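Asker: Input: one structure, supplied below.
Throughout, read-outs are computed from the coordinates displayed, never taken from laboratory work. A quick note: this is a predicted structure, and the numbers were derived from the prediction, not measured. Here Cβ is always computed from backbone atoms with ideal geometry, including for glycine, and neighbour counts include all displayed protein chains.
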Amino acid sequence: MNANLRFWLGAAALGLALVAGLRLLGNDYGYFAGYFVLQYVVLAGAWNILGGYAGYVNFGAAGFMAAGAYSAIVVRQWLGWDLIPGIFAAAVVAGLLGLGTGYLTLRLKGVYFSIATLCLAVVLQTLVVNWDYVGGSRGAYIIHARDIPPFNSYSEMLFIVMLALAIITTGIGRAVEMSRLGRGLQAIRDNERAAEAVGVPTLRLKLVATTLCGALMGVAGAPLPYYSGYLNPEAAFSLAYAVNAIAMPLIGGAGTWAGPVIGAVLLASLQQAATVTISSALNLWIVGWMLVIFVAVAPRGILGWFRKRT
Amino acid sequence: MASSSGLEITGIDAGYGAVRVLEGVSLSVPPGQTVVLLGTNGNGKTTLMRSIMGQVRPSAGSIVATLDGQRVDLLGMKPEHVVEHGIVLVPEGRRLFPRLTVEQNLRLGAYRAVARAKLAENMALCFELFPRLAERRTQLVGSMSGGEQQMVALGRAVMSAPRILLVDEPSVGLAPILVSRTMEMIAEMKARLGLTVLMAEQNFHQAVRIADRGYVIVHGHMVFEGGSAAELQDNELVRKVYLGL
């Protein structure tokens, strides 16, 4: 319990320090860049639950993220729900999507499962492009208030929401790692048949993991239309999300709760810096190079590299 | 401690998709005995083990366990519930969790609530039976030798609080001296925990050392049933179809 308390207090202190620092900076760009990084902390942490612990590589992160983003748009147009209820709706929709995907595809193993998740993203994108209610291929606009007290600006509010989501996701990842669920998933990753033989309910645990993973990815996407004010399928289903969701945990150290955080902060900051100084067209190029370097030098990620040394 | 748990398999058919592996297989494991199932590769030993565990679903026949006098129908039961009843498999090729430590592997043996309640007690027993594991508790299992991995596999089964122990080809990939050691370890485990044991093996001479009864399976059919170890060795049919003498 002590370690848990320390984790939550530390995360809260770090969060407060971030907000205070950005306030001192007094520039809206800081919030935008921070949001960009934190959404990847959520996405990478979500991927890690299924990919890092259970060893099932999900290539459909963009699909789940977009499912979350479009859920937020739908509940806004249909019920007039704002950001926070939109996030809950996104969690439910993307979680159910994860459950359904898991049920249909978890008989597939290894690369076949990955291909199935890739297909899911393509199918979803085709559906959204042809769905006029959410703007089809033209996209959807979200017009939000400029300022909402007590926050200094709307972007500060979005940043704080994403910060909270990132902390919660990391906390969930940590709780999974230390629980029986996490031990069961690790057993599945190392040897699914042996896991079955010792009595790990493999199908049920995998379904819990796909649901949790899907829901958190949806949560990462829900504030996206509020962040950019406009969302079209091409942006929501961007390849960048799918690639980063995998690259970040791998580079930070997959199968550990801190790995995705380290990977996301490192890679997303690099990409944000490149976007500002050179061009966002270089983003995937950077990710590609980082992956090549890490596979060659530290195949178990930054955390794995340090763990080997000590 | 004498065991009062046995296993009765009657006329099961099982296979994978269109491939029939077992046809009308019957086998009886009386309480407190060590029964050995002999057969070379591809004759259905592993499929029979997996059928008992619920990992393969037979299309006909019955599998009934007697656990402390109570009859439990295992057919159609999920693997995790079979394990809960104290029927525990040491899979072929050991199938450990290579990226986890010895201790984590052992803890996974006690995944179900029934076994978890006795976790500390069984862990101590495990380290008593296999002192080497206590020395190596923080080592990654993937980096251990074949003989040590066999100890982890057996130890993991101890952690599941077994009453009926199924062992699938414990000799696979081990040096002859270790095969012999493994048989002794299984016999010791049986004596200490009061187990009933069903072991599939192709190493005839090693397996009969600890066996009370034997069966020979060829192409999914039982060709020789029951009898003592001595009877097995002398049987004309066994010598011909199995030993090739």
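Asker: Roughly speaking, what is the stretch gain from A:Gln77 to A:Thr126, that is 0.36 nm per residue apart minus the C-alpha to C-alpha distance, in nm to one decimal?
Answerer: 15.6 nm
Asker: Which three numbers, in whole Å and largest first, are the semi-axes of the equivalent ellipsoid of the protein assembly as shown derived from its Cα gyration tensor as √(5λ)?
Answerer: Semi-axes from the Cα gyration tensor: 54, 24, 20 Å.
Asker: Turning to a different aspect of this structure: Spin-label point model (7 Å from Cα, Cβ direction): what's the A:Leu239 to A:Trp285 distance in nm?
Answerer: So the label points at A:Leu239 and A:Trp285 sit 1.4 nm apart.
Asker: May I ask for the distance between the Cα centers of segment A:261-305 and segment A:146-166, given as a whole number of Å?
Answerer: Using only Cα atoms to place each centre, the spacing works out to 27 Å.
Asker: For a test of the definition: using alpha carbon positions, the gyration tensor, and the 1.5 limit on a/c, classify segment A:2-238 as rounded, prolate or oblate.
Answerer: Taking the square roots of the gyration eigenvalues as a ≥ b ≥ c, segment A:2-238 is oblate.
Asker: Using a Gaussian network model of chain A with C-alpha springs under 10 Å, which one of A:Ala11, A:Ala67, A:Ala54 is most mobile by mean-square fluctuation?
Answerer: In the Gaussian network model the winner is A:Ala11.
Asker: Could you give the dipole magnitude of segment A:36-175 about its Cα centre, charging the beta-carbon of Lys and Arg +1 and that of Asp and Glu -1, in debye to the nearest 20?
Answerer: 360
Asker: Can I ask one more? Write down the Kirkwood hydrodynamic radius of segment B:26-112, to one decimal in angstroms, obtained as one divided by the mean of 1/r over all alpha carbon pairs.
Answerer: 14.7
Asker: Would you order B:Phe127, A:Phe88, A:Phe306 from fewest to most other beta-carbon atoms within 10 Å of each residue's own beta-carbon?
Answerer: A:Phe306, A:Phe88, B:Phe127
Asker: Given charges of +1 on the Cβ of Lys and Arg and -1 on the Cβ of Asp and Glu, with all other atoms neutral, how large is the dipole of segment B:97-223 about its Cα centre, in debye to the nearest 20? Spell out each step's value before the answer.
Answerer: Details: 15 positive and 11 negative charges, 77 e Å.
Value, rounded to 20: 360 debye.
Asker: If you don't mind, another one. Could you calculate the contour length gain from A:Thr277 to A:Ala175, that is, 0.36 nm times the residue separation minus the distance between their Cα atoms, to one decimal place in nm?
Answerer: 32.9 nm
Asker: How far apart, in nanometres, would the label points at B:Thr40 and B:Leu140 be if each is projected 7 angstrom from Cα along the Cα-to-Cβ direction?
Answerer: 3.9
Asker: Let me ask something else. Counting Lys and Arg as +1 and Asp and Glu as -1, what is the net charge of the other residues whose Cβ lies under 13 Å from the Cβ of B:Gly54?
Answerer: 0
Asker: I would also like to ask the following. Just to confirm my numbers, what's the Cα centroid distance between segment A:217-233 and segment A:63-136 in Å?
Answerer: So the separation of the two Cα centres works out to 12 Å.
Asker: Using Stokes-Einstein with the Kirkwood hydrodynamic radius over Cα pairs, what translational diffusion coefficient do you get for chain B at 4 °C and a viscosity of 1.567 mPa s, in µm²/s rounded to a whole number?
Answerer: Result for D is 72 µm²/s.
Asker: Starting from 0.36 nm per residue, how many nanometres of slack lie between A:Leu25 and A:Arg146 once their C-alpha separation is accounted for?
Answerer: Details: separation 121, 0.36 × 121 = 43.56 nm, distance 1.97 nm.
So the extension gain works out to 41.6 nm.
Asker: Here is a follow-up. Counting only residues 5 or more places away or on other chains, whose amide H sits under 5 Å from the amide H of B:Gln33 once H atoms are built in the peptide plane?
Answerer: B:Val197
Asker: So in the protein assembly as shown, what percent of DSSP beta bridges are antiparallel if you round to the nearest 5?
Answerer: 55
Asker: Oh, and also: In debye, nearest 20, what is the charge dipole magnitude of the protein assembly as shown about its Cα centre with +1 on Lys and Arg Cβ and -1 on Asp and Glu Cβ, if you could check?
Answerer: So the magnitude is around 720 debye.
Asker: While we're here: Could you work out the helix-only [θ] at 222 nm for chain A, with each DSSP H run of four or more residues adding -39,500 (n - 2.57) and the total divided by the number of residues, to the nearest 500 deg cm²/dmol?
Answerer: It comes out at -25000 deg cm²/dmol, rounded to the nearest 500.
Asker: Where the centroid of each part is defined by its Cα atoms, how far is segment B:1-58 from segment B:187-226 in Å?
Answerer: If you average the Cα positions of each part, the centres end up 12 Å apart.
Asker: Residue by residue through B:89-97, how many Cβ atoms from other chains fall within 10 Å of the Cβ on average?
Answerer: Taking all residues of B:89-97 together, the mean is 5.
Asker: Peptide B:45-58: average number of partner chain Cβ atoms within 10 Å per residue? Walk me through the intermediate numbers first.
Answerer: On the way: counts 0, 0, 0, 0, 1, 3, 0, 0, 3, 1, 3, 0, 0, 0.
Going residue by residue through B:45-58 and averaging, the value is 1.
Asker: Going by how many other beta carbons lie within 10 Å of each one, how would you line up B:Ile12, B:Ile210, fewest first?
Answerer: Going from least to most buried by this count: B:Ile210, B:Ile12.
Asker: Within 10 Å of each residue's Cβ, count the other Cβ atoms and sort A:His144, B:His205 from fewest upward.
Answerer: Ascending number of Cβ neighbours within 10 Å: B:His205, A:His144.
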